[in-house]
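Q: Pasting a structure below so you can have a look.
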Amino acid sequence: MGNDRRMATRPLDHLDELIDAQDAFLASIGEVDPATPVPWCEGWRVRDLVVHLADVHHWAAAQARSVHEAPVAPGLSLEDRYRACAVELRRTLVELGPDAVGSTLLGPGPASFWRRRQLHETVVHLWDLRTAGGLEADVRPEVWADTVDEVVTVMQPRQVRLGRMSRLPAPVELVATDVEATWRLDTADRGPAVVRVRAPGSVLALMLWGRRSPDDARVRVSGDDGVLRAALAEPLTP
């Protein structure tokens with residue numbers, strides 16, 4: 001697929017990490033005014049963000065079981081709505097185990113796909129929630145590195161496959177400075193990378209998800225800056 005990645009970190013337990021991220025998100029809901037704007041999600045306020053993540057958890061649980069999701073119970077507070085959907089997802093994934101077959105973004109596949117996908121959905125939105133409220137998001141570097149890896153190996157190739165973007169015309173190399181990890185964004189060009197980006201994994205992940213820019217003080221770019229900015233302007237994620 002035209003990407004080169006090297007990760008020396010041990011495999012993550014995506015379910016344990018997901019549960020930790022869900023707990024952190026739930027605890028954060030009461031710390032931020034629900035009317036607070038979320039600048040990285042155009043037109044959204046915190047209440048919209050919470051409902052979105054709750055509903056995505058609910059939908060993913062149904063996908064893991066290959067069923068249509070039922071409507072979410074009406075009349076719940078933001079915290080209760082999120083709690084109910086988060087618990088539903090984790091219970092579903094535990095009950096199914098790693099080998100059950102469900103619906104995934106890549107077609108029929110292991111229900112455990114949703115452990116990773118929902119972990120990264122949650123950590124990105126945890127960052128959204130806490131940063132909107134002026135708070136720090138405490139996510140381990142290894143988790144952020146895996147967020148980058150998911151974009152490079154799953155999300156961006158899927159965007160190309162669905163015709164939402166073309167393959168990148170020139171290689172972009174991503175280097176996490178806080179863990180030993182290097183990736184190459186999918187491209188039709190098999191030659192050497194024309195631009196290298198060095199930054200903490202959190203910054204790389206948030207750049208790929210449209211939350212950070214190459215102008216961040218922690219980013220070091222060598223090579224063709226224009227190629228990087230053009231790549232980031234593409235819909236690398238849904």
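Q: Which residue is farthest from Thr187 (Cα to Cα), if the candidates are limited to the range 214-233 and must be part of a loop (DSSP other than H, G, I, E, B) and out of contact with any Leu (no Cβ under 7 Å at 6 or more places or on another chain)? Can you show your working first?
A: Filtering the range 214-233 down to residues part of a loop (DSSP other than H, G, I, E, B) leaves 214-219, 224, 233.
Still in the running and out of contact with any Leu (no Cβ under 7 Å at 6 or more places or on another chain): 215-219, 224, 233.
Values: Asp215: 23, Asp216: 25, Ala217: 27, Arg218: 25, Val219: 22, Asp224: 15, Ala233: 15 Å.
The qualifying residue farthest from Thr187 (Cα to Cα) is Ala217.
Q: Tally time: how many residues in the range 139-155 are polar (S, T, N, Q) and surrounded by 23 or more Cβ atoms within 10 Å (Cβ to Cβ)?
A: Start the filter on the range 139-155 by keeping residues that are polar (S, T, N, Q), which leaves 147, 153.
In the following step, the residues that additionally are surrounded by 23 or more Cβ atoms within 10 Å (Cβ to Cβ) were identified as 147.
Residues meeting the conditions: 1.
Q: Kindly evaluate Leu135 against the criterion of being surrounded by fewer than 20 Cβ atoms within 10 Å (Cβ to Cβ), in contact with a Lys or Arg (Cβ under 8 Å, 6 or more places away or on another chain), of a type in the set (A, V, I, L, M) and under 29 Å from Val175 (Cβ atoms). Before the answer, list the steps.
A: Working: surrounded by fewer than 20 Cβ atoms within 10 Å (Cβ to Cβ): yes; in contact with a Lys or Arg (Cβ under 8 Å, 6 or more places away or on another chain): no; of a type in the set (A, V, I, L, M): yes; under 29 Å from Val175 (Cβ atoms): yes.
Answer is no for this residue.
Q: When you look at Val51, is it modelled with pLDDT of 95 or more, of a type in the set (A, V, I, L, M), under 21 Å from Gly210 (Cβ atoms) and not in a strand (DSSP E or B), yes or no? Please lay out each step first, then the result.
A: On the way: modelled with pLDDT of 95 or more: yes; of a type in the set (A, V, I, L, M): yes; under 21 Å from Gly210 (Cβ atoms): yes; not in a strand (DSSP E or B): yes.
It is true that Val51 is modelled with pLDDT of 95 or more, of a type in the set (A, V, I, L, M), under 21 Å from Gly210 (Cβ atoms) and not in a strand (DSSP E or B).
Q: Turning to a different aspect of this structure: Can you say whether Trp59 is surrounded by fewer than 20 Cβ atoms within 10 Å (Cβ to Cβ), of a type outside the set (A, V, I, L, M) and in contact (Cβ under 8 Å) with a residue 60 or more places away in the chain, as far as the supplied structure shows?
A: no
Q: Can I ask one more? Kindly indicate which of Ala170, Ala176, Ala188 is over 21 Å from Ala86 (Cα atoms), crowded, with 22+ Cβ neighbours inside 10 Å and not assigned by TED's automatic domain parsing to the domain that holds Gly30.
A: Ala176
A quick yes/no check of all residues on (1) surrounded by 15 or more Cβ atoms within 10 Å (Cβ to Cβ); (2) under 29 Å from Ser28 (Cβ atoms); (3) acidic (Asp, Glu):
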residue	(1), (2), (3)
Glu88	yes, yes, yes
Leu93	yes, yes, no
Ala100	yes, no, no
Pro108	no, no, no
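Q: Is it the case that some residue within the range 103-126 is of a type in the set (A, V, I, L, M, F, W, C) and closer than 15 Å to Leu208 by Cβ? If you could, list the steps in order and put the result at the bottom.
A: Just the residues of the range 103-126 that are of a type in the set (A, V, I, L, M, F, W, C), to begin with: 105-106, 111, 113-114, 119, 123-124, 126.
The next check asks that each one be closer than 15 Å to Leu208 by Cβ; those that pass are 123-124.
Looking through the range 103-126, at least one residue is of a type in the set (A, V, I, L, M, F, W, C) and closer than 15 Å to Leu208 by Cβ.
Q: Here is a further query. Of everything in the range 25-50, what is touching a Gly at 6+ places or on another chain (Cβ under 8 Å) and either surrounded by fewer than 16 Cβ atoms within 10 Å (Cβ to Cβ) or among the hydroxyl-bearing types (Ser, Thr, Tyr) (or both)? Give them in sequence order.
A: Start the filter on the range 25-50 by keeping residues that are touching a Gly at 6+ places or on another chain (Cβ under 8 Å), which leaves 28, 31-33, 36, 40, 46.
Hits for the range 25-50 are Ser28, Glu31, Asp33, Thr36.
Q: It is to be established whether one or more residues within the range 96-118 are touching a strand residue (DSSP E or B) at 6+ places or on another chain (Cβ under 6 Å), part of a loop (DSSP other than H, G, I, E, B), assigned by TED's automatic domain parsing to the domain that holds Ala21 and in contact (Cβ under 8 Å) with a residue 24 or more places away in the chain.
A: Yes, because at least one residue in the range 96-118 is touching a strand residue (DSSP E or B) at 6+ places or on another chain (Cβ under 6 Å), part of a loop (DSSP other than H, G, I, E, B), assigned by TED's automatic domain parsing to the domain that holds Ala21 and in contact (Cβ under 8 Å) with a residue 24 or more places away in the chain.
Q: Further, regarding this structure: When you scan the range 208-238, how many residues do you find that are closer than 29 Å to Leu106 by Cα and of a type in the set (D, E, K, R)? If you could, list the steps in order and put the result at the bottom.
A: Here is the first cut: in the range 208-238, the residues closer than 29 Å to Leu106 by Cα are 208-213, 227-238.
Now drop any that are not of a type in the set (D, E, K, R), which leaves 211-212, 229, 234.
Total meeting the criteria: 4.
Q: Can you spot a residue in the range 153-165 that is on the phi < 0 side of the Ramachandran plot, small (Gly, Ala, Ser), without any contact (Cβ under 8 Å) to a residue 60 or more places away in the chain and outside the structural domain of Gln22 (by TED's automatic domain parsing)?
A: Taking every residue of the range 153-165 in turn, none turns out to be on the phi < 0 side of the Ramachandran plot, small (Gly, Ala, Ser), without any contact (Cβ under 8 Å) to a residue 60 or more places away in the chain and outside the structural domain of Gln22 (by TED's automatic domain parsing).
Q: Shifting gears a bit: Restrict the check to the range 27-38 and report whether at least one residue is within 17 Å of the chain's Cα centre (by Cα) and at pLDDT 95 or above. Write out each step before concluding.
A: The first filter runs over the range 27-38 and keeps only residues within 17 Å of the chain's Cα centre (by Cα), leaving 38.
Filter once more, so that each one left must be at pLDDT 95 or above: 38.
Yes, the conditions are met somewhere in the range 27-38.
The values are calculated or read from the model by the stated rules, or taken from the named source; none is laboratory data. A quick note: this is a predicted structure, and the numbers were derived from the prediction, not measured. Note that each Cβ is placed from the backbone with ideal geometry, even for glycine, and that neighbours are counted across all protein chains shown.
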